[in-house]
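Below is one structure, written out as structure tokens; comments come after it.
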Amino acid sequence: MPLAETILAGRLLAATVHTVPPGALTVVPGRFARRIPWASEAYRLVVLHRGRAAIVDPQDVQILPGTNVAGEPRDDVTVASDQAAVECPVSAEQVMLRGALFRAVQMSGAMRRVLDRSVQYAGEREQFGRPIGRFQAVQQQLAELAAEVTVADVAVKAALRVPDDEFAVGAAKLNASRAAGAVADLAHQVHGAIGVTSEHPLGALTKRLWAWREEFGGEVYWARRLGELGRMPWNAVSRTEGEPATVTW
């Protein structure tokens, strides 16, 4: 469900004269926007365009449905007009920043759950007469997994203390996006083939990690942005010359 998107849209509307409507919401940054989370299933869309915000019924706009790799709605939206828009002091950049923090929090929670499930599985699954968690190779994988989760979690908690600090939030999102791939790889190595079956809950978590890592700015975007701020973190990823830094909402 669009929990983060609803909170984000509600905070935006709270800064205007609009009354926050009930039900699920999502933010549309502009009159023509791609891959908007939950646009086709939201009760209302909050369209932010040129410093003005409007509450729009999804039935009054053109929506091209789509999904991310986790199966969550990611839709292309075209809004014909501003539709009773009012002045909004919140900029698109501020929405982007807060959205990145929300995604980092969600990814941190998902990674923590992946770690818990991996530790539990390693203690239950037996091979050669003993739990696989007693084998040194599996123990090393679990240790690496715990380290990745901890680093991401620390960065997110630091950003939550200063949610308007672009460097702190960017570092948290960069860390979470970077760790997501490693966490998913390690967890599936521990689980083996059963972790990729539709019946097992691990896939629901790792697919969201793969999808969320690029939303509200991926590793390349935030690495470049932190470099522009002049305080590049130790684990910032490198970028191939000429590679575009795309921003996915």
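Counting other C-beta atoms within 10 Å, and keeping those with at most 16, which DSSP coil GluC sites (Glu not before Pro) do you find in segment 197-231?
Sparse-neighbourhood loop GluC sites (Glu not before Pro): GLU199.
Expected output is a single nm value to one decimal: the length gained when fully extending between GLN139 and ALA14, i.e. 0.36 nm times separation in residues minus the C-alpha distance. What is it?
40.2 nm
Relative contact order, percent, of segment 12-131 when contacts are C-alpha pairs under 8 Å separated by at least 6 residues?
In percent, rounded to a whole number, it is 23.
Quick one: dipole size for segment 20-114, taken about the Cα centre, charges +1 on Lys/Arg Cβ and -1 on Asp/Glu Cβ, in debye to the nearest 20.
Using only the charged Cβ atoms, the result is roughly 420 debye.
Putting +1 on Lys and Arg Cβ atoms and -1 on Asp and Glu Cβ atoms, find which of ILE36, GLN106, VAL17 reaches farthest to the positive end of the dipole of the chain.
The one lying farthest along the dipole's positive direction is GLN106.
Mind checking which of ALA92, ALA180, ALA193 has the largest fluctuation in a GNM of the chain, springs on alpha carbons under 10 Å?
ALA193
Considering only protein heavy atoms, with the full assembly of protein chains and a 1.4 angstrom probe, order HIS49, HIS191 by accessible area, largest first.
So, going from the largest accessible area down, we get HIS49, HIS191.
P(r) of segment 144-184 in 5 Å steps, Cα pairs, percent per bin?
Pair shares across the bins are 5, 30, 31, 18, 11, 5, 0.
Provide the per-residue ³J(HN,Hα) series for segment 3-20, in order, calculated from phi with Karplus coefficients 6.51, -1.76, 1.60 and θ = phi - 60°, each as a whole number of Hz, with x at glycine and proline positions.
5, 4, 5, 5, 5, 4, 5, x, 5, 5, 5, 5, 8, 10, 8, 5, 7, 6
Less than 13 Å Cβ to Cβ from ALA180, Lys/Arg counted +1 and Asp/Glu -1: what total charge do the surrounding residues give?
+2
Of the candidates SER108, SER177, SER40, which one comes out as most mobile in a Gaussian network treatment of the chain with C-alpha springs shorter than 10 Å?
SER40
Would you mind telling me the share, in percent, of accessible area of the chain contributed by carbon and sulfur at probe 1.4 angstrom?
Its accessible area is 54 percent carbon and sulfur atoms.
For semi-axes √(5λ) of the Cα gyration tensor in Å, several values are listed as (i) 30, 22, 16; (ii) 42, 20, 15; (iii) 36, 21, 15; flag the one computed from this structure.
(iii)
What spacing in nm lies between the two simple spin-label points modelled at ALA24 and VAL69, each 7 Å away from Cα in the Cβ direction?
2.2 nm
Tell me, what is the 1.4 Å probe accessible area of TYR43, in Å² to the nearest 10?
Only protein atoms counted, so the area is about 100 Å².
Using a 1.4 Å probe and counting only protein heavy atoms, arrange TRP210, TRP222, TRP38 so the residue with the most accessible area comes first.
TRP210, TRP38, TRP222
Taking the solvent-accessible surface of protein heavy atoms with a 1.4 Å probe, what is the per residue accessible area of the chain in Å²?
It amounts to 49 Å² per residue over the chain.
The values are calculated or read from the model by the stated rules, or taken from the named source; none is laboratory data. As the structure is a prediction and not an experimental result, all values here were calculated from the model. Because the Cβ atoms are built from the backbone with ideal geometry, glycine has one as well, and the counts that use them run over all protein chains shown. All accessible areas refer to the heavy atoms of the entire protein, side chains included, with ligands and DNA or RNA removed. Shrake-Rupley method; radii C 1.70, N 1.55, O 1.52, S 1.80 Å.
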